[in-house]
Structure formats: structure tokens, C-alpha cells
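Peer 1: Got a structure for you, questions after.
The values are calculated or read from the model by the stated rules, or taken from the named source; none is laboratory data. Quick caveat, the model's predicted, so the values are computed rather than measured. Methodologically, a virtual Cβ is constructed for each residue, glycine included, from the backbone with ideal geometry; neighbour enumeration extends over all protein chains shown. Areas reflect the complete protein model, heavy atoms only, side chains present, ligands, DNA and RNA absent. Shrake-Rupley method; radii C 1.70, N 1.55, O 1.52, S 1.80 Å.
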Amino acid sequence: MWGRMDGLRVLELGTPGEMRRTLTDLTLAGAKRATAGLLELDYHAEDEPLEHVGERLALLDDSGAKAAELEVVDVQLVPFAEVTWAFAEAEGEGFRSLDHWREAHRRYWAAEGHDVDDSSTVVCVHYRLVSD
């Protein structure tokens, strides 16, 4: 998930292929302004520090090219059961409810080999598009 490009940490959304293309396009269109990671899976397991407010990230597309530069505007660590509807909406992926958001994320992280329970720590990152 992480690496460096042009001196910036990179962000690759979702899994390669259709999902990454869709999530990148939603970000470039301004619909997706947030992303969720699991503290244990996406940070601790990869020995990766949390993003911080003001940090610039290189958003990579499905081919690994830089699609845009993002600026982190908020980072919150939240138990899975306490992720808010405002955050789910900011992810811009068309979730119909918090239950829909939770089910989609449980399924995604299970496919990545990590079961999620209500106390699993979610890293909620809000960002803004700086350039594309």
C-alpha cells in the first residue's frame, strides 16, 4: 500500500484492478474525500506510521502512475462500531447506510485476511485533492 514517489508517501486505494480504478476516479471527481484503513493490518503489519494533518500524498492509479496529489485534512482512530455516517458518506462510494458501509468493509478486510470486530481500530483519513 505504501511507498514513495516524488518525495511523497503514496496512497493506492482498494485492490488493483476495477476497484482501484473506480476509487481513484471517485477521488479525482471530488466524490471520494476519505478512506479507511485498519490500524493492525495497514499500519502495524506494514510498520507504517499514521498519516498526519497537512501531509501530502501521491495518489497512484491502477498502473502505478501518479494520478493526483492529496493533502490529509483529518486523521481519526475509531473503533469499527463507532465509524460515523459522515465518514461513510465522505468515502464517496455510494453506501446506503452505516450497516452497508460496515458489511462492505468487513467483506473487504476479510478478503485481505483480516477479520474485523466492533473494537477493531479503523484509521479514518480525510483528504482533499490538491492537484491532478
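Peer 1: Probe radius 1.4 Å, ligands and nucleic acids left out: which of Val53, Val130, Val10 has the largest accessible area, and how do the rest follow?
Peer 2: Val53, Val130, Val10
Peer 1: Give me the angle, in degrees from 0 to 90, between the Cα long axis of helix 98-111 and the longest principal axis of the Cα atoms of the chain, rounded to the nearest 10.
Peer 2: Taking the Cα atoms of the chain, the angle to 98-111 is about 70 degrees.
Peer 1: Now for a different question. Could you calculate the contour length gain from Asp25 to Asp99, that is, 0.36 nm times the residue separation minus the distance between their Cα atoms, to one decimal place in nm?
Peer 2: Using 0.36 nm per residue and subtracting the Cα-Cα distance, I get 24.2 nm.
Peer 1: Which part of region 75-90 falls in the paramagnetic zone of Val53, meaning amide N under 14 Å from the point 7 Å along Cα-to-beta-carbon?
Peer 2: Only 75-77 pass the distance filter.
Peer 1: Quick check: the angle from helix 18-28's long axis to the longest principal axis of the chain, C-alpha only, nearest 10 degrees?
Peer 2: 70 degrees
Peer 1: Find out how many positive minus negative residues lie around Gln76, taking Lys and Arg as positive, Asp and Glu as negative, among other residues whose Cβ is under 12 Å from that of Gln76.
Peer 2: Residues close to Gln76 contribute a combined charge of -3.
Peer 1: Roughly how many percent of the accessible protein surface of the chain is carbon and sulfur, given a 1.4 Å probe and a whole-percent answer?
Peer 2: After summing per-atom areas, the C and S share lands at 47 percent.
Peer 1: Given the rule -39500 (n - 2.57) for each run of at least 4 DSSP H residues, summed and divided by the residues of the chain, what is its mean residue ellipticity at 222 nm, to the nearest 500 deg cm²/dmol?
Peer 2: About -7000 deg cm²/dmol.
Peer 1: Would you kindly state how much longer the chain becomes between Glu71 and Glu18 on full extension, computed as 0.36 nm times their sequence separation minus their alpha carbon distance, in nm to one decimal?
Peer 2: So the extension gain works out to 16.7 nm.
Peer 1: Next question. Put a dot 7 Å past each Cα toward the Cβ at Ser63 and Tyr108; how far apart are the dots in nm?
Peer 2: My value for the distance between the label points is 2.4 nm.
Peer 1: For region 26-132, what is the accessible area per residue in Å², given a 1.4 Å probe and the full set of protein chains?
Peer 2: Per residue, region 26-132 has an accessible area of 50 Å².
Peer 1: In region 1-125, what % of DSSP beta bridges are antiparallel (nearest 5)?
Peer 2: If I count the DSSP bridges inside region 1-125, around 85 percent turn out antiparallel.
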